[in-house]
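Input: a single structure, listed below in structure tokens.
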Amino acid sequence: MIKATVTAIASYLPAGRLSNAQLADELGDWSAERILEKTGIATRAIAGADECASDLAVAAAQRLFAGGHCAPEDIDFLLFCTQSPDYFLPATACLLQARLGLRTDCGAIDFNQGCSGFVYGLALAKSLVESGTAARVLLITADTYSKFINPRDRSTRTIFGDGAAATLVVGVEAESDRLGPFVFGTDGSGAPNLIVPAGGLRRPHAEGGETPDDAGNWRSPANLYMNGPEIFSFSLKAVPLAVNSLLRRWNRPLEAVDFFIFHQANRFMLERLRNKLKIPEERFWIGMEHCGNTVSSTIPIALQDAVGQGRVQPGTSVMVVGFGVGYSWAAAMVQVV
Amino acid sequence: MQETEKAAFLEKLAGALDVELDALHDGFQLTSENWDSVAQLGAIAAIDEVYGIDVPTNELIECTSVRALLQLVQRLVAEG
């Protein structure tokens, strides 16, 4: 049977960097060491002023093609996940088709998800491949949250970085699933807790300008707002439920999972989730120190790094879990080849 | 509230507030200086870990002293 399989991942981080020393200088009340201790992040990759999600996406995809896994003309379908598209319209995926030299009979769509986006993309890719709609799917995740962030908002500026990942999903002959099962979750009542309130059609203009919150973080309605305690609370509830739901669907215990890669939100959250789920440290990835929270790209970047460092071996079962903005969450099993 | 649980919670809360455990008496004031979002995350994590309960964040951030925080936890534990 044809089974959808992840056969290659490539990533790209923009050249700009924002270090903890810079943040400590600019924000004043936190030291570089305290930022690292609390977030697990030493430096964030930041896109240039003229560098958009599509530019990061092209760079990641070109690295994937340069790896020899396939050529642009082999791609049957492009799935592009971003929350920072180049334009309202057209879809950034259409621009990417032209820039990457994909065939004109290649399908191409954007989908708007954040931290859960990669897992959603894997599910969409699996459906396309195993239904016979496409033989090779290119899933690209790319975001430039830094463009939404107010320079005087330490609550978001310390966490998020920009980045992209390109993941190749192809159909191969196999006895058992290489992707899945999946579980999903949505709770839109949490939307106000991680949001850019203005700039869309509901609220086109950022009236009122920049104002400080109680903690002294400044932002305008056009900036990213994150209610950290609410997001943390949500994650502590939703992620263990999703993990246990996936284990039931997979019909195996937690001990049968070879490795866990959760959305790399920040070290504090990941350590609490690991402790709560009683996952051994050696089977759990924490690794956003060099790039920050890159939203939809944290999981593929982590998977690429974990394989590259030998923490994940071919033939093993990896649980991936994305969770955050929406609220939206998704979890899946991935067989590494 | 069990004393052992309270002791474990206060130890974690001291870490979240970056203060010595000895300084964390019931009357310890939670102010805009020390009760920032990072400290609140630490408190949420400590409550989750020690008591295994969710705490409504709107009530948590309104606490102005350790005493108020302990009373909130006590109420939530009693409510199950």
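What follows draws every value from the coordinates through simple rules; no lab data is involved. The structure presented is a predicted model; accordingly, all values stated were derived computationally and were not measured. So basically every Cβ, Gly included, is an ideal-geometry build from the backbone, and we count neighbours across all protein chains shown.
Testing residue A:214 on (1) within 12 Å of another protein chain (Cβ to nearest Cβ); (2) buried (at least 18 other Cβ atoms within 10 Å of the Cβ), one condition comes back false. Which one is that?
Every listed condition holds for residue A:214 apart from (2).
Within segment A:188-208, take every residue that is aliphatic (A, V, I, L, M) and in contact with a strand residue (DSSP E or B) (Cβ under 8 Å, 6 or more places away or on another chain) and give me the one that is surrounded by the fewest Cβ atoms within 10 Å (Cβ to Cβ).
Only one residue fits best here, namely A:195.
Looking at this structure, is residue B:42 touching a Gly at 6+ places or on another chain (Cβ under 7 Å) and at the interface with chain A (Cβ under 10 Å from one of its Cβ atoms)?
yes
Scan segment A:188-220 for residues that are within 26 Å of residue B:62 (Cα to Cα) and among the hydrophobic types (A, V, I, L, M, F, W, C) and jot them down.
A:191, A:194, A:195, A:196, A:215, A:218
Give the residues of segment A:286-336 that are aliphatic (A, V, I, L, M), assigned to a loop (DSSP other than H, G, I, E, B) and more than 21 Å from residue A:195 (Cα to Cα), sorted by residue number.
A:286, A:288, A:312, A:336
Could you check residue B:58 against (1) exposed (fewer than 12 other Cβ atoms within 10 Å of the Cβ); (2) more than 14 Å from chain A (Cβ to nearest Cβ); (3) within 26 Å of residue A:273 (Cβ to Cβ) and say which number it fails?
Going through the list (1) exposed (fewer than 12 other Cβ atoms within 10 Å of the Cβ); (2) more than 14 Å from chain A (Cβ to nearest Cβ); (3) within 26 Å of residue A:273 (Cβ to Cβ), residue B:58 breaks only (2).
Which one is farthest from the other protein chains (Cβ to nearest Cβ), of the residues in segment A:237-246 that are surrounded by fewer than 20 Cβ atoms within 10 Å (Cβ to Cβ) and not small (Gly, Ala, Ser)?
Residue satisfying both the conditions and the ranking: A:244.
So that you can scan it fast, the table gives a plain yes or no per residue for (1) touching an Asp or Glu at 6+ places or on another chain (Cβ under 8 Å); (2) within 14 Å of chain A (Cβ to nearest Cβ); (3) among the hydrophobic types (A, V, I, L, M, F, W, C):
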site: B:5; (1), (2), (3): no, no, no
site: B:46; (1), (2), (3): no, yes, yes
site: B:49; (1), (2), (3): no, yes, no
site: B:62; (1), (2), (3): no, yes, no
